[in-house]
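Contents: one structure, followed by commentary.
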């Protein structure tokens, strides 16, 4: 999934552009007036008598709030915080006779929670963000979020800024605020899950994804991210159980059926690596015994040749010189082959010592292959259910096309392993079955393309068409 910064930065920057719009004689005059008022206010608070009055600080608070809300960044880039602090000073200074808040203090308290104060901090935060001053942007927009706890924009932008300085803790906190505030962008739930996953907080990542999926049941990115997390953290039984419950509650939800098929596909794919490893180990053990048998057979051939040449020397004295030369060459090969056989015997003994382990490997290999076969059957079963509910569903058709295509590839590998004699007996028919299987994949890809064109789909469809054309050129009849 894409980081939220990449998805939403354009929106953030557009806010910044609006904050800095201006120009013309009127704007210039207003800016000049603000500048003079600012200079007066800065001077007033240095005066002991004036700075002791709540009204002085109230004027200052409103002035700086206008500076911030108007986007006058050049005049003062921290105007919002200056305004907020000035309002706090009003609350501190303005007391009634009983020691409670006076009229100005009450006004200041309301102002500190007002939409204008929120806007001032947001404008300041966006300006800091644009200047790549992310720490100050975080401070300003966090304040905006605190002023309006129900707001979703401020926590979202704060999280984006936090990600730029790799402050995952703040980013996560702010995205949680976005969600609790009612944020509806499902992609944000995925971004929060990515942050939790990066910090190995798997349960929180899954919880964020579940909230996003509840908000947008058809979002493939969220569903796939959940599957990926389940795969990498060995929680597949939990994932399958939860997804089956969803299917039981809503058997006509195509996306749930497709997602469950994807889970089974990933389980099968994950087992492929272990299968290949065990196949290599088993093959290695079998090769040791075969190589020893072949080595001994060669030694026997050389010994037979020694016996033949020795007898020929006695029977053919005239050819003795040539025969002795040949005998010497063969005897040399006997010595070399005996050394080779000794090495092979050592290797065979080592393999025999591990025979028990090899037997266990073969048993485990058989179990893994059986499990893979069962898992692939379940993958196909849920794809068929999805297609029964919606025959035109893109994902179901595309994934079924890939499923059948991969079955054809497996059949093709078996044909490729045939030797000449095997192929002469059954190769033609086997090729026909391979062709037939590729042909079965074609309508699924074609129907998916009728829904929408994706690069992977177009590539697979073209590849399938080219393969079938090759079989046609070889005059191989497809057997379905």
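Each value in this text was obtained by applying a stated rule to the coordinates, not by laboratory testing. Quick caveat, the model's predicted, so the values are computed rather than measured. Quick reminder, even Gly has a Cβ in these numbers, built from the backbone with ideal geometry, and neighbours come from all protein chains shown.
Structural remarks
- Inter-site label distance for residue 97 and residue 240 at 7 Å from Cα along Cβ, in nm: 8.0 nm
- Förster-model FRET efficiency, 30 Å R0, residue 301 and residue 426, C-beta, rounded to 0.05: 0.35
- Segment residue 360-residue 176, length gained on full extension (0.36 nm per residue, minus Cα span): 61.3 nm
- Nearest-0.05 FRET efficiency for residue 350 and residue 109, computed from C-beta distance (R0 60 Å): 0.10
- Matching the structure-derived percent of Cα pairs over 44 Å apart against the labelled list (i) 33; (ii) 50; (iii) 17 gives the label (ii).
- Between residue 29 and residue 319, the contour length at 0.36 nm per residue exceeds the Cα-Cα span by 92.0 nm.
- Rounded FRET efficiency, nearest 0.05, which uses the C-beta distance separating residue 367 from residue 477 and R0 of 41 Å: 0.65
- Angle between the chain longest axis and helix 236-249 axis [Cα atoms, degrees, rounded to 10]: 70 degrees
- MRE, 222 nm, helices only [DSSP H, n ≥ 4, -39500 (n - 2.57), over the chain, to nearest 500]: -28500 deg cm²/dmol
- Label-point separation, residue 40 to residue 458 (7 Å along Cα→Cβ), nm: 6.6 nm
- Fewest-first ordering of 310, 191 by other beta carbons within 10 Å of each residue's beta carbon gives 310, 191.
- Full extension of the chain segment joining residue 199 with residue 55 gains 46.9 nm, where the gain is 0.36 nm per residue of separation less the Cα-Cα distance.
- Rg then Dmax, both in Å and based on the Cα atoms of region 290-334: 12.3, 42.
- Residues 179, 45, sorted so that the one with the fewest Cβ neighbours within 10 Å comes first: 45, 179
- The angle between the Cα long axis of helix 455-473 and the main principal axis of the chain comes to about 20°, on a 0 to 90 degree scale.
- Ranked for footprinting exposure by Cβ neighbours inside 10 Å, fewest first, 196, 178 give 196, 178.
- A crude spin-label estimate for the pair residue 451 and residue 211, with each label 7 Å from Cα along the Cβ direction, gives 3.0 nm.
- Folded to 0 to 90 degrees: helix 54-69 orientation relative to the chain principal axis, Cα: 40 degrees
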